[in-house]
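Notes follow once the structure below has been shown.
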Amino acid sequence: MSIVISLPDGSKKEYPAAISALDIAKEISPRLADAAVAAEINGKLMDIGTMIESDADLVIHTFKTEAGKELYWHSTAHLMAQAVKQLWPEVQVTIGPSIEQGFYYDFDREESFTEEDLAKIEARMKELIAQDLPYQRKELSKQEAVEIFSKMGENYKIELLSEIPDTDVISTYTQGDFIDLCRGPHIPSTGKIKVIKLLRSSGAYWRGDEKNKMLKRIYGISFPSNKELNAYLLFLEEAAKRDHRKLGKDLDLFSINDEVGAGLVLWHPNGSMIRHQIESYWKDQHLKNGYKLVNSPHLGRSKLWETSGHLSFYKEDMYSAVKVDDQEYYIKPMNCPFHLSIYNANHHSYRELPIRLAELGTVYRYERSGVLHGLMRVRGFTQDDAHIICTPEQVDSEVEKLIVFSLDMLRHFGFKDFMIYLSTKPEASVGRDEDWQMATESLKASLTKLDLPFNVDEGGGAFYGPKIDIKIKDAIGRAWQCTTIQFDFNLPERFDMQYIGADNTAHRPYMIHRAIFGSLERFFATLLEHHGGNLPLWLAPTQMMMLPITDAQLDYCKDLQEKFLAEGLRCEIDPRSEKIGYKIREAELKKIPFMCIIGAKEAEQNRLSLRRHTKGDLGSMTYDEALAAIKDDHEQN
């Protein structure tokens, strides 16, 4: 009986007997076979050498696909672990996954890995690549796996095995003298890895828990060609220049210190001014789009969090209770329960719906110290929360408005490229099937109607409802999680939310959570990195710096400053007795959009010399001409 293989382009191939995915790739193209790293057979990723014994859909993955990259990097992590074990046999290996860019592996080693160590590991990895060692899969029982890793003294592998059911089949992968516990799949052999670069070493707690031992982590990257590696290293250079932590310090925007507490942000005047502009625009746009602004406390009684379910499912991420009048209060990790309490404070008719409640609400969540990262991952942050409470008939319209509103807001800050994901019902969920279906179809229909491309994340929704996630791509192509539009069938039930319908009986409303920025802190960091610190004029904390050449021009500078301030420009004077070249360099480093250089000639002629950051000298002009040029710049950007 023949086997029919269906390929992604719609074509089919027929074979008289079982055939490997690699042989099919060879038949399609020798070049494809050479680049192939894995096979996707009937939706399941498998080793490229897997035999196909019945009709199947087949996708050949290379480094150019996301699945191919992930597998390529994971295989390189195994290679790195092999090199480390050969150089330092006493080291214990733990886990080594692929990540968004590259891979890492954690090792139990007393000493940190030095730059010299990384060079030795790289050199050994290259030797192993030259040997073209095959990655060989073996399936065995849990008991057999425990015996193997026990003899090797790999205690972390034993711990991982202890959490796997005794009846499960365990798989290992071996290349040369190295064996690792792994589901796979992997690339065919080490020779497929062409170019490697170990990037850095750091500490990491076992399983991310600071109560566990501190391990030594090595990060690396690999590519099929030097050209790709060189492009990536240039990307890293550009990313380092744009790092919001560096820019935050250089531009005096914010700080985080141990005295105040890890993950708690101090906003400096410059950073606070940028936040003010973001928040003001956010509030204005929400009011224009029919939202009601609310404010809620920073803590609430334990009863509130019991009703919401946070104390049952989220307590580990909440900060400890405080006693007030012999009752326990918790610092809020989310704003939702307060908004629902505001809704329930009054009776509502269907005529009032939809009700859109919005708040810039600061919340606090316990994040492990090992994952804190500048403004991207903090313990206290401000969510741009909104909750839309509506009837079933209003859902489609509200979802469409939410998507359009969210994208318009993000575009205003200079973001143009988006990745959209629709996450559907997971196995564990609450709510009626018909509600899930209605909500999911509403999300899908709105994206389709707006002609927005999206990916479906099957089973990726929260247990309480389906959602849309919007990721924004920055100037150097990185994707950042931003907007979430999330249905919730859980909290309306827990808080017994109701409205009186046209039939004069009580009904349960639909509720949609929505955050456009996600958190102001993370959005601020993304915005800073996207623009490389060169923020649009309307966001710049100081929009213009007056630079007098000598003290004799100070009074004229003050007169000009008053005029610019009256026009709403954030204008400052640098009165220091420094050379003008030094002052210009300082203003350029601070990324101030406009500079006015004022010398004796400008003061005598009631003129100014205007300079634009990143563009240079714009020439001598009158105040009116300068104001027109600045307004024109604002309109164009």
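Of all residues in segment 304-328, those being touching a residue at least 12 places away in the same chain (Cβ under 8 Å) and open to solvent by 90 Å² or more (accessible area, probe 1.4 Å) number 1. Can you confirm whether segment 581-589 contains a residue that is touching a residue at least 12 places away in the same chain (Cβ under 8 Å) and farther than 25 Å from GLU238 by Cα? Yes, segment 581-589 contains a residue that is touching a residue at least 12 places away in the same chain (Cβ under 8 Å) and farther than 25 Å from GLU238 by Cα. Checking each residue in segment 580-591 for being open to solvent by 20 Å² or more (accessible area, probe 1.4 Å) and either acidic (Asp, Glu) or assigned to a helix (DSSP H, G or I) (or both) picks out ILE580, GLY581, TYR582, ILE584, ARG585, GLU586, GLU588, LEU589.
Exactly one residue among ARG494, ARG478 is more than 23 Å from PHE454 (Cα to Cα) and touching a residue at least 60 places away in the same chain (Cβ under 8 Å), and that residue is ARG494. Scanning segment 581-612 for residues that are of a type in the set (A, V, I, L, M) and out of contact with any strand residue (DSSP E or B) (no Cβ under 6 Å at 6 or more places or on another chain) gives ILE584, LEU589, ALA600, ALA603.
Anything in segment 477-500 that is open to solvent by 40 Å² or more (accessible area, probe 1.4 Å), of a type in the set (A, V, I, L, M) and modelled with pLDDT under 95? List them, or say none. None - no residue of segment 477-500 is open to solvent by 40 Å² or more (accessible area, probe 1.4 Å), of a type in the set (A, V, I, L, M) and modelled with pLDDT under 95, so the list stays empty. Only residues that are assigned to a strand (DSSP E or B), open to solvent by 20 Å² or more (accessible area, probe 1.4 Å) and more than 18 Å from GLN86 (Cβ to Cβ): list them for segment 152-191, please. Once the filter is applied, which keeps residues that are assigned to a strand (DSSP E or B), open to solvent by 20 Å² or more (accessible area, probe 1.4 Å) and more than 18 Å from GLN86 (Cβ to Cβ), segment 152-191 yields only LEU181.
With respect to the conditions (1) touching an Asp or Glu at 6+ places or on another chain (Cβ under 9 Å); (2) under 23 Å from GLN136 (Cα atoms), LEU7 lacks only one, and its number is (2).
Residues in segment 301-317 that are farther than 28 Å from SER406 by Cβ and not in a helix (DSSP H, G or I): 1 in all.
Listed conditions (1) open to solvent by 60 Å² or more (accessible area, probe 1.4 Å); (2) touching a strand residue (DSSP E or B) at 6+ places or on another chain (Cβ under 8 Å) are all met by GLU66, apart from (2).
One residue stands out among those in segment 243-279 that are of a type in the set (Val, Ile, Thr) and open to solvent by 40 Å² or more (accessible area, probe 1.4 Å): the one that is nearest to the chain's Cα centre (by Cα), which is ILE256. Here is the figure for segment 286-300: residues that are part of a helix (DSSP H, G or I) and either open to solvent by 40 Å² or more (accessible area, probe 1.4 Å) or of a type in the set (D, E, K, R) (or both) total 2. Residues in segment 563-579: is at least one surrounded by 16 or more Cβ atoms within 10 Å (Cβ to Cβ) and under 14 Å from THR550 (Cα atoms)? Within segment 563-579 (the criterion being surrounded by 16 or more Cβ atoms within 10 Å (Cβ to Cβ) and under 14 Å from THR550 (Cα atoms)), the answer is yes, since at least one residue qualifies. Does segment 329-338 include one or more residues that are in a helix (DSSP H, G or I) and in contact with a strand residue (DSSP E or B) (Cβ under 6 Å, 6 or more places away or on another chain)? Within segment 329-338, none of the residues are in a helix (DSSP H, G or I) and in contact with a strand residue (DSSP E or B) (Cβ under 6 Å, 6 or more places away or on another chain).
Considering (1) open to solvent by less than 40 Å² (accessible area, probe 1.4 Å); (2) at positive phi, the lone condition that ARG207 does not fulfil carries the number (1). Selection over segment 31-62 of residues that are more than 25 Å from GLU458 (Cβ to Cβ) and either within 26 Å of the chain's Cα centre (by Cα) or part of a helix (DSSP H, G or I) (or both) gives a count of 5.
When LEU160 is tested against (1) over 29 Å from the mean Cα position of the chain (by Cα); (2) under 13 Å from VAL93 (Cβ atoms), just one condition goes unmet, and that condition is (1). Scanning segment 592-637 for residues that are under 20 Å from ASP574 (Cβ atoms), open to solvent by 50 Å² or more (accessible area, probe 1.4 Å) and within 35 Å of the chain's Cα centre (by Cα) turns up THR614, LYS615. Residue pairs whose Cβ atoms lie under 6 Å apart, separated by 6 or more positions or on different chains, with the first residue in segment 226-242 and touching a residue at least 24 places away in the same chain (Cβ under 8 Å) and the second of a type in the set (Asp, Glu), are ARG242/GLU529.
Set side by side, the residues LYS197, LYS249, LYS241, LYS211 differ, and just one is among the charged types (D, E, K, R) and touching a strand residue (DSSP E or B) at 6+ places or on another chain (Cβ under 7 Å), which is LYS197.
Please indicate, with yes or no, whether at least one residue in segment 520-537 is over 26 Å from the mean Cα position of the chain (by Cα) and of a type in the set (Phe, Trp, Tyr). Taking every residue of segment 520-537 in turn, none turns out to be over 26 Å from the mean Cα position of the chain (by Cα) and of a type in the set (Phe, Trp, Tyr). Given ASP457, ASP474, ASP503, which one is on the phi < 0 side of the Ramachandran plot and crowded, with 19+ Cβ neighbours inside 10 Å? After ruling out the rest, the residue left standing is ASP474. When segment 329-361 is filtered for residues that are of a type in the set (Val, Ile, Thr) and open to solvent by 40 Å² or more (accessible area, probe 1.4 Å), the ones remaining, listed by number, are ILE331, ILE342. From the list THR440, THR382, the lone residue that is hydroxyl-bearing (Ser, Thr, Tyr) and more than 22 Å from GLY361 (Cα to Cα) is THR440. Every condition in (1) touching a Leu at 6+ places or on another chain (Cβ under 7 Å); (2) assigned to a strand (DSSP E or B); (3) charged (D, E, K, R) holds for GLU602 except the one numbered (2). Within segment 166-178, residues that are in contact (Cβ under 8 Å) with a residue 60 or more places away in the chain reach partners that are open to solvent by 70 Å² or more (accessible area, probe 1.4 Å) and part of a loop (DSSP other than H, G, I, E, B) with beta carbons closer than 8 Å, at six or more positions or on different chains, in the pairs GLY176/GLN131. Residues in segment 211-234 that are assigned to a helix (DSSP H, G or I), open to solvent by less than 50 Å² (accessible area, probe 1.4 Å) and hydrophobic (A, V, I, L, M, F, W, C): LEU229 only. Screening the candidates ASP417, ASP408 for the property of being open to solvent by 50 Å² or more (accessible area, probe 1.4 Å) and under 18 Å from the mean Cα position of the chain (by Cα) yields one hit, ASP417.
The values are calculated or read from the model by the stated rules, or taken from the named source; none is laboratory data. Being a predicted model, the structure only gives us computed values, none of them experimental. All Cβ positions, glycine included, derive from the backbone under ideal geometry; neighbour counts span all protein chains shown. With ligands, DNA and RNA removed, areas are computed over all heavy atoms of the protein, side chains included. Shrake-Rupley method; radii C 1.70, N 1.55, O 1.52, S 1.80 Å.
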